[in-house]
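The values are calculated or read from the model by the stated rules, or taken from the named source; none is laboratory data. For clarity, every value in this text was computed on a predicted model and none was experimentally measured. Here the Cβ positions follow ideal geometry from the backbone for every residue, glycine too, while neighbour counts run over all protein chains shown.
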Amino acid sequence: MEITFLGTSSAVHTYTRNHPGIILKAFGEVMLFDCGESIQKQLIYAKISPMKISKIFISHYHGDHILGLPGLLQSLNFRGREKPLKIYGPKGLENVKNAIYSLGFCKIDFPIEFIEIENGTIVETEEYIIKSQKVKHNVTNLAYSIEEKKKPRFLREKAIELGVPEGPLFGKLHNNQEIEVNGRIIQPNQVLGKPRKGVKITYSGDSRPCEEMIEFAKDSDLLIHESTYMSEDQDKAVENFHSTSQEAATIAKYSNSKKLILTHISPRYTDSDQLLKEAKEVFKNVEIATDLMTIEILSA
């Protein structure tokens with residue numbers, strides 16, 4: 001899985017930080033999480049074609065998270081997109097759709113499916129599962145998790161012992177299909193090891209610390225959490241329903257996450273070193289996202 005941060009600021013752009021947007025490349029797909037202003041230009045800088053985006057996930061409807069969406073959709077149409085696009089978001093997405101289609105002389109000819117979601121599984125394939133969870137903000141905000149489905153190890157020697165010839169039958173068993181060998185039924189569980197956990201990535205959107213976020217992020221390989229404020233501005237974090245860097249680190253600690261990346265940084269902080277220092281007092285494996293930063297999360 002490869003993650004590129006297109007924007008890492010909060011409500012206001014800075015010289016170095018764009019409005020929020022995160023690209024995930026995984027499972028042969030390109031997915032976008034949140035779509036702030038200037039996302040199109042950030043995609044150019046990151047050398048990622050917007051035409052390859054298959055799904056867009058919106059955490060909530062504050063402007064810094066969605067105002068890039070109308071322009072992106074119209075640009076996709078100008079470029080002749082024909083491939084369908086799915087857009088997921090909390091209740092209210094239908095209103096966003098209507099607003100986009102009524103802006104200017106908006107013309108979109110390719111199919112777009114706008115899907116309003118709540119808590120639970122929203123996408124599931126043979127390779128991955130994506131879930132959403134309402135967390136604590138001053139409007140409805142959804143956190144998202146993406147988890148790889150990893151097959152159990154195939155016990156080759158055990159299969160041979162049971163008389164299974166090497167070849168296509170191995171693949172059927174590994175794909176959880178029973179087979180017949182010399183009149184005998186071989187079940188997949190006879191030749192498969194214990195279930196294996198795949199890579200899990202969790203993204204908070206905007207949120208105050210809450211038990212729901214801790215539980216949702218449990219055992220994440222990577223937690224991407226908003227960190228709008230430093231501890232000295234705790235009162236502002238509470239007032240505006242955001243998190244400090246130490247609070248984000250506490251979520252990472254209690255959710256047993258392996259790595260934390262802080263994003264959604266307030267423009268009041270021209271030097272983010274102090275936010276990082278405060279977070280590391282609570283959780284060591286942490287870094288602060290910068291625009292166009294790309295990281296790769298490898299399967300175990």
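Got a sec? Which of D233, D206, D221 is closer than 30 Å to R156 by Cα, at pLDDT 95 or above and in contact with a strand residue (DSSP E or B) (Cβ under 8 Å, 6 or more places away or on another chain)?
Result: D221 is the single residue among D233, D206, D221 that is closer than 30 Å to R156 by Cα, at pLDDT 95 or above and in contact with a strand residue (DSSP E or B) (Cβ under 8 Å, 6 or more places away or on another chain).
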**Study point:** Leading residue by the ranking (surrounded by the most Cβ atoms within 10 Å (Cβ to Cβ)) among those in the range 270-300 that are of a type in the set (D, E, K, R) and assigned to a loop (DSSP other than H, G, I, E, B)
**Key:** D291
Practice item. Would you tally the residues in the range 111-160 being more than 20 Å from I251 (Cβ to Cβ), among the small types (G, A, S) and surrounded by 13 or more Cβ atoms within 10 Å (Cβ to Cβ)? Key: 1
Practice item. Answer with yes or no whether E113 is in contact with a strand residue (DSSP E or B) (Cβ under 8 Å, 6 or more places away or on another chain) and assigned to a strand (DSSP E or B). Key: yes
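Can you name the residue in the range 84-110 that is hydrophobic (A, V, I, L, M, F, W, C) and assigned to a loop (DSSP other than H, G, I, E, B) and, of all such residues, is surrounded by the most Cβ atoms within 10 Å (Cβ to Cβ)?
Across the range 84-110, the extreme among qualifying residues is I108.
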Exercise for review: Answer yes if at least one residue in the range 45-68 is of a type in the set (A, V, I, L, M, F, W, C), over 19 Å from L103 (Cβ atoms) and in a loop (DSSP other than H, G, I, E, B), and no otherwise.
Suggested key: yes
Practice item. Please list, ordered by first then second residue, the pairs with beta carbon atoms under 6 Å, 6 or more apart or interchain, first in the range 24-47 and touching a residue at least 60 places away in the same chain (Cβ under 8 Å) and on the phi > 0 side of the Ramachandran plot, second surrounded by fewer than 17 Cβ atoms within 10 Å (Cβ to Cβ) and part of a loop (DSSP other than H, G, I, E, B). Key: F27/E127
Check your understanding: So, in the range 10-23, of the ones that are in contact (Cβ under 8 Å) with a residue 12 or more places away in the chain and out of contact with any strand residue (DSSP E or B) (no Cβ under 6 Å at 6 or more places or on another chain), which residue ends up surrounded by the most Cβ atoms within 10 Å (Cβ to Cβ)?
Key -> S10
Revision key, fill the gap. Of the residues in the range 217-249 that are surrounded by fewer than 19 Cβ atoms within 10 Å (Cβ to Cβ) and of a type outside the set (D, E, K, R), the one that is nearest to K284 (Cα to Cα) is S231
Point to revise | Unmet criterion (only one of (1) more than 25 Å from I297 (Cβ to Cβ); (2) of a type in the set (D, E); (3) not in a helix (DSSP H, G or I)) for E157 | key: (3)
